[in-house]
1. Using just the C-alpha positions of the stretch 1-74 as equal point scatterers, what log10 of I(q)/I(0) does the Debye formula give at each q in 0.16, 0.22, 0.25, 0.27 1/Å?
2. Work through the residues other than GLU40 whose Cβ is under 10 Å from its Cβ and net out their charges, Lys, Arg +1 and Asp, Glu -1.
3. Modelling each spin label as a point 7 Å along the Cα-to-Cβ direction, I'd like the ARG54/HIS27 distance in nm, to one decimal.
4. Take the Cβ-Cβ distance between LEU20 and GLN78 as r, set R0 to 25 Å, and report the resulting FRET efficiency rounded to the nearest 0.05.
Amino acid sequence: MIALNEARVGQTGVVERINLAEDVSHHLAHLGFLPGADVEVLRRAPAGDPTVYRIDGVEVALRNETSRFIEIALSPGQDGHPR
């Protein structure tokens, strides 16, 4: 598992865990960030923050200060290790 903010543009994965305060986690859940949800890294701002992700068919921009607390499992073949 890696933190969402560590995933590269074009990588996909599955949300495993969200380690944020309950109110923030609840807000993210309404945006689709729930364990088991597929997420794709779409693009980063020129300075690297925020990053736009596709989750549940919706594009959502998150800052690194939030996305670093979301853990994902990269899809097979995207972590540099053969499956």
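Derivation of every value follows stated rules applied to the coordinates shown; laboratory data play no part. None of the values given here were measured: they were computed from a predicted structure. A quick note on method: Cβ atoms are made from the backbone with ideal geometry, for glycine too, and the neighbour counts reach across all protein chains shown.
1. -0.46, -0.91, -1.21, -1.43
2. -1
3. Output for this residue pair reads 2.5 nm.
4. Efficiency at R0 = 25 Å is approximately 0.55.
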